[in-house]
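The values are calculated or read from the model by the stated rules, or taken from the named source; none is laboratory data. On a predicted model such as this, the values are computed, not experimentally measured, just so you know.
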Amino acid sequence: MIVSRKKGVITVIVNKDGFKDAKIEIDVVSDTAEFWVEFPDVSDLVMRVVSVKEVSMMIRQALEMGWETETKTQPILFSFNEESYSIVRK
């Protein structure tokens, strides 16, 4: 699922089907939500999207860190910008 919670960031939420309480959240620095909602002048917007390959890489890292896909926990939070990603909270 992809949501927009704050300006300049979209959040990709990943969970195993049927287990909504064990998830990964990936904050992506991107202005795509503003583009679709506000229709601004796009010349200054960061139109970053996250690829399936990048999300897959973060899921694998979360699993290596011990992410239990069927256990209710605080979400593992990744931050993703144009260059790299980092773990914000696990």
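Might you let me know whether the stretch 75-86 holds any residue that is closer than 12 Å to N15 by Cα, at pLDDT below 85, under 17 Å from the mean Cα position of the chain (by Cα) and assigned to a loop (DSSP other than H, G, I, E, B)?
yes
Restricting to the stretch 1-29, count the residues that are among the small types (G, A, S), farther than 18 Å from A62 by Cα and outside any strand (DSSP E or B).
2
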